[in-house]
Amino acid sequence: MSTQEDLTVEQALSMVLAGVEPLPSEDVPLADALGRVLAAPIVARDSLPPFANSSMDGYAVRAEDTEEAANNKPVSFNVLTDIAAGTVADVVVTQGTAARIMTGAAMPQGADAVVPVEDTNEPWRDSARRLPETVLIHRSVQPGDYVRPIGEDIEAGHQVLDTGHVLRPQEIGVLAALGVSIVPVHRRPRVGLLATGDELIAVEQPLQPGKIRNSNSYAQAAQIMTLGAEPISLGVAGDRESDVRHKLALGLEQEVDLFVSSAGVSVGAYDVVKAVLEKEGNIGFWRVRMRPGKPLAFGDYHGVPYLGLPGNPVSAMVSFERFVRPAIRKMAGFSGLDRPEVSVVLKEEITSDGRETYVRAVVRRTADGYEAVSTGSQGSNILTSLVKANALVIIPKGVRQVEAGTVLRALMIDWPETVF
Ligand code: AMP
Ligand code: MG
C-alpha cells in the first residue's frame, strides 16, 4: 500500500473492501437472528404446508358429487364428522357424504375439495352449534378448490434460502415454519472504537478552556450499532504514541475484528495515530480526493484491519458512510454494501473544489422523480446540516460548479416513511 498518495473514492473503497473478509459462521437461536446474514444455505427438511389442508371453514367433499349443485338446486350431503384444526379425522369421505372442516385442518381421506360454509345452508361460523346430520350445498366445486396441497409453498428437500440471504421478519417466519430453531449466520463484527486528541473531554464533563466534548465516539458507536455490529469502546487516547498504543492493545485483548479511530491522521504535528501505525502496523495513509474527509488511514494493526477516520465530526461520519459502513457490511456477510441511490434534480446552484463532494441534502419525492436541496453550511464541523439531511448528493470529481436543474446521484442515508 502506498503512502501519501491521492486516491479517488472508488480506488480507496475497493482497497478497503479488498482488505476485509466476511466473518465466520456462528449458530444463533432463531429469536436472535433478525437482521443477520445466513452463512449457509437452508434446505427444507419438511414440506410447507406439511399436509393437505382446508383454506376455508366449510365442508370437505368429493368435487364430483357437487356437479349438479346450484343456488336454486342445492344438493344434500350426509355429514360424517367434524374436523378441527390440529386433528386428523379417521373417516373416509365417500359419495354423497361430507365432513365439516375448519381452516387449517387436515383434509380427510376421499375428499378432494372444500365447499365454503357460505355456500351451504349452515349458519356462519357458529361454534356453539352442534354438528348437523345433513348439509345443503349450493354450488359446485372443482377438485382442489379451497385445498392447500402439501408442499404448495415449500417442498421438502428443496433449498429455501441461500448463503448471504438477509434475515428479515418474513425469513424468520419461514425458518420457524420449517422448524429451524438454530440458524447459521455470519458473526457480528466487533469494532474497536477509539477517539484521539488532547482536546477531548467526556460528554458528562463541564466545558474547559480549549476543550471540546468527544462527540465522535458516540456518533461512530451509533453508526456501528445501526449496522447491527458491536462497538467496543477503547476510550480516548491523548496525542501521544504510547497512549494510542495502550488503547489499541485493549482492542487486541478483546479480539476486535476491526479498529476504527477518529482524528490524528492528517498532517498536524500531533497526528500520532499515523506514527503508531507506521511503526506497528501495515498502513497506507491516504489523501482521498473527497469532501468532506480528505485524510483516511487504512491497513492493519497487528493483523486486525484498521480504518482511521478524520477528526472533524462530519468528515468522520461521511467517511464512515463511504468506507467503514461497506467494510462492516462485507464482514457481516451482506452482498449489498452501498446505500440505496436515486437520481435527483438539484434545486440550486452548488460550487465545489473539484474533489468528489458529498453534499448534505434533503431529497424529496416529486410527481416525476426526486429533487434535492442542500441543508445549509457544508463545513466539515457543522453537524446540524447532517442532522437535517436524509441524503448525500454527490458532485462528481473534476466538477467545480453545478447549475440548478442538474441531475446528480444521491446516496439515501435515510429513507423516511411516507407521510400521509
Ligand atoms: P485532527 O484530525 O486531529 O486534526 O482533528 C480535526 C478536528 O476534529 C479538530 O477540530 C478536532 O478538535 C476535531 N475532533 C477530533 N476528534 C474529535 C472527537 N472525538 N469529537 C469531536 N471533534 C473531534
Ligand atoms: Mg488532533
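Values computed for the structure shown
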{"quantity": "Any hit, segment 206-215, residues being more than 25 Å from ILE232 (Cα to Cα), surrounded by 19 or more Cβ atoms within 10 Å (Cβ to Cβ) and touching a residue at least 12 places away in the same chain (Cβ under 8 Å)", "calculated": "no"}
{"quantity": "Residue that is nearest to LEU193 (Cα to Cα), among those in segment 245-282 that are open to solvent by less than 40 Å² (accessible area, probe 1.4 Å) and β-branched (Val, Ile, Thr)", "calculated": "VAL260"}
{"quantity": "Single residue of THR418, THR357, THR366 found to be outside the structural domain of ALA222 (by TED's automatic domain parsing), open to solvent by 80 Å² or more (accessible area, probe 1.4 Å) and hydroxyl-bearing (Ser, Thr, Tyr)", "calculated": "THR418"}
{"quantity": "Which listed residue is outside any loop (DSSP other than H, G, I, E, B) and either surrounded by 16 or more Cβ atoms within 10 Å (Cβ to Cβ) or assigned by TED's automatic domain parsing to the domain that holds ASP82 (or both), from VAL180, VAL174", "calculated": "VAL174"}
{"quantity": "Residue in segment 54-67 that is under 30 Å from PHE320 (Cβ atoms) and open to solvent by 70 Å² or more (accessible area, probe 1.4 Å) present", "calculated": "no"}
{"quantity": "Selected residue (criterion: surrounded by the fewest Cβ atoms within 10 Å (Cβ to Cβ)) from residues of segment 342-352 that are in a strand (DSSP E or B) and over 25 Å from the mean Cα position of the chain (by Cα)", "calculated": "THR351"}
{"quantity": "Sole exception among (1) without any contact (Cβ under 8 Å) to a residue 40 or more places away in the chain; (2) away from ligand 1 (no atom under 14 Å from the Cβ) for VAL256, by number", "calculated": "(1)"}
{"quantity": "Of residues in segment 353-411 being polar (S, T, N, Q) and in a strand (DSSP E or B), the one farthest from ILE212 (Cα to Cα)", "calculated": "THR366"}
{"quantity": "From the options ARG339, ARG364, residue that is under 24 Å from the mean Cα position of the chain (by Cα), in contact (Cβ under 8 Å) with a residue 40 or more places away in the chain and more than 16 Å from THR8 (Cα to Cα)", "calculated": "ARG339"}
{"quantity": "In segment 217-239, the residues that are of a type in the set (D, E, K, R) and at pLDDT 95 or above", "calculated": "GLU230"}
{"quantity": "Test: residue in segment 237-244 that is open to solvent by 20 Å² or more (accessible area, probe 1.4 Å), in a loop (DSSP other than H, G, I, E, B), charged (D, E, K, R) and under 21 Å from MET15 (Cα atoms)", "calculated": "no"}
{"quantity": "Pair list, Cβ under 8 Å, 6 or more apart: segment 302-324 residue on the phi > 0 side of the Ramachandran plot, other residue away from ligand 1 (no atom under 13 Å from the Cβ) and open to solvent by 10 Å² or more (accessible area, probe 1.4 Å)", "calculated": "HIS302/LEU252; HIS302/GLU280; HIS302/GLY281"}
{"quantity": "Members of segment 118-160 that are over 20 Å from VAL88 (Cα atoms) and not in a loop (DSSP other than H, G, I, E, B)", "calculated": "GLU118, ASP119, THR120, THR134, VAL135, LEU136, ILE137, ILE154, GLN159, VAL160"}
{"quantity": "Single match in GLU204, GLU133 (criterion: within 16 Å of ligand 1 (Cβ to nearest atom) and charged (D, E, K, R))", "calculated": "GLU204"}
{"quantity": "Selection count where residues are more than 9 Å from ARG187 (Cα to Cα) and surrounded by fewer than 17 Cβ atoms within 10 Å (Cβ to Cβ), scope segment 16-26", "calculated": "3"}
{"quantity": "Count - residues of segment 103-123 that are among the hydroxyl-bearing types (Ser, Thr, Tyr) and open to solvent by less than 20 Å² (accessible area, probe 1.4 Å)", "calculated": "1"}
{"quantity": "Which numbered condition THR3 fails, given (1) open to solvent by 30 Å² or more (accessible area, probe 1.4 Å); (2) of a type outside the set (Lys, Arg); (3) at pLDDT 95 or above", "calculated": "(3)"}
{"quantity": "HIS165 in contact with a Gly (Cβ under 7 Å, 6 or more places away or on another chain) and away from ligand 1 (no atom under 16 Å from the Cβ)", "calculated": "no"}
{"quantity": "Matching strands (runs of 3 or more DSSP E) fully within segment 50-114 where at least 2 residues are over 49 Å from the mean Cα position of the chain (by Cα) and touching a residue at least 60 places away in the same chain (Cβ under 8 Å)", "calculated": "75-83"}
{"quantity": "Any hit, segment 203-212, residues being of a type outside the set (Gly, Ala, Ser), more than 15 Å from ligand 2 (Cβ to nearest atom) and in contact with a strand residue (DSSP E or B) (Cβ under 6 Å, 6 or more places away or on another chain)", "calculated": "yes"}
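The values are calculated or read from the model by the stated rules, or taken from the named source; none is laboratory data. Worth saying up front: this structure is predicted, and the values here are computed from it rather than measured. With ideal geometry, Cβ positions are generated from the backbone for all residues, glycine too; neighbour counts draw on all protein chains shown. SASA here: full protein model, heavy atoms, side chains in, ligands and nucleic acids out. Shrake-Rupley method; radii C 1.70, N 1.55, O 1.52, S 1.80 Å.
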